[in-house]
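Worksheet: the structure to be examined is printed underneath.
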Amino acid sequence: MKKIGILGGTFDPVHYGHIALAEDAVREAGLHEVVMIPARIQPFKQDRKYASGEDRFNMLALAAGKDDHITVSKYELEQESVSYTYLTLRHMQEFYGSDTRLYFITGTDSFLKIDTWMNAEELLTNYAFIIGTRPGYRQDEYRQALERITKTYGTEVISMHKTELDISATEIREKIAAGAPVDDLMPPEVLRYITEHGLYRV
């Protein structure tokens, strides 16, 4: 059976932390591929501090271009309403077929609240999860949630010790706005795109 990871986010902009998370999932969970899906967010008036869906997709495509295990999907960007995770996974399951096992990749904080997500039972019953954890972070809460969810829903959960890269998209946007260097935080192709399109400038 083919194993496909699904990694969503705003990716505004994509950086080495995002790519490392996808690569960690491929390595630790034996995935054939990770599909990165930029979320649809409402336009922020004319403030160029934020990138459009098209720009975010293009930057992701550039970042993933050299990696055979990473692809990018426009699915959520093309939806007219809020794209809930269960709708995205339904679509991806239909797209890849019944011989594919989908693994939703997320972090500890999100997993601890997964019961409150829209159609949580469908998510936890039909799909597997890869949780990016780090030693000591909310460890007891995570263990309790893991025991409860696996017992209640029979969910396959892989706990992944992700590569720790202290990078945030907010920090990157602020640095670019201030004219500070960000070369070590993202692939050069992405930085070139940001520069050429004047993104994140005040």
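Which one is nearest to Val14 (Cα to Cα), of the residues in segment 188-202 that are in contact with a helix residue (DSSP H, G or I) (Cβ under 7 Å, 6 or more places away or on another chain) and surrounded by fewer than 20 Cβ atoms within 10 Å (Cβ to Cβ)? Reasoning before the result, please.
Let us first name the residues in segment 188-202 that are in contact with a helix residue (DSSP H, G or I) (Cβ under 7 Å, 6 or more places away or on another chain), namely 189-190, 193-194, 197, 199-202.
So of that shortlist, the ones also surrounded by fewer than 20 Cβ atoms within 10 Å (Cβ to Cβ) come out as 189, 197, 201-202.
On the way: Glu189: 11, His197: 15, Arg201: 16, Val202: 19 Å.
Here the residue is Glu189.
What helices (runs of 4 or more DSSP H), lying completely within segment 10-97, carry at least 1 residues that are more than 22 Å from Met186 (Cα to Cα) and of a type in the set (Ser, Thr, Tyr)?
Details: elements: 16-29, 53-64, 85-96.
Correct list: 85-96.
If you take the residues in segment 108-119 that are in a helix (DSSP H, G or I) and free of Cβ contacts under 8 Å to residues at least 12 places away in the same chain, which one is nearest to Ile37 (Cα to Cα)? Show your work before the answer.
Looking only at segment 108-119, we keep the residues that are in a helix (DSSP H, G or I), and these are 108-112, 114-116.
Cutting the leftovers down to free of Cβ contacts under 8 Å to residues at least 12 places away in the same chain gives us 110, 116.
Numbers: Ser110: 17, Thr116: 22 Å.
The extreme case among them is Ser110.
Counting just the residues of segment 27-57 that are hydrophobic (A, V, I, L, M, F, W, C) and at pLDDT 95 or above, which one comes out farthest from Glu156 (Cα to Cα)? Before you say what the answer is, go through the steps one by one.
Step one: list which residues in segment 27-57 are hydrophobic (A, V, I, L, M, F, W, C), which gives 29, 31, 34-37, 39, 41, 44, 51, 57.
Keeping just the survivors that are at pLDDT 95 or above gives 31, 34-37, 57.
Details: Leu31: 14, Val34: 17, Val35: 19, Met36: 21, Ile37: 22, Phe57: 30 Å.
Only one residue fits best here, namely Phe57.
Which number in (1) out of contact with any Lys or Arg (no Cβ under 8 Å at 6 or more places or on another chain); (2) surrounded by 11 or more Cβ atoms within 10 Å (Cβ to Cβ) marks the one condition that Ala180 misses?
Every listed condition holds for Ala180 apart from (2).
From the list Ile158, Ile130, Ile105, Ile172, which residue is surrounded by 14 or more Cβ atoms within 10 Å (Cβ to Cβ) and either outside any strand (DSSP E or B) or at pLDDT below 90 (or both)?
Values: Ile158 fails: either outside any strand (DSSP E or B) or at pLDDT below 90 (or both); Ile130 fails: either outside any strand (DSSP E or B) or at pLDDT below 90 (or both); Ile105 fails: either outside any strand (DSSP E or B) or at pLDDT below 90 (or both).
Checking each option against the conditions leaves just Ile172.
So which of Asp140, Asp183 ends up being free of Cβ contacts under 8 Å to residues at least 40 places away in the same chain and under 23 Å from Asn58 (Cα atoms)? Steps first, answer last, please.
Details: Asp140 fails: under 23 Å from Asn58 (Cα atoms).
None of the others qualify; the one that does is Asp183.
The values are calculated or read from the model by the stated rules, or taken from the named source; none is laboratory data. Please read these numbers as outputs of a predicted model, since none were measured by experiment. With ideal geometry, Cβ positions are generated from the backbone for all residues, glycine too; neighbour counts draw on all protein chains shown.
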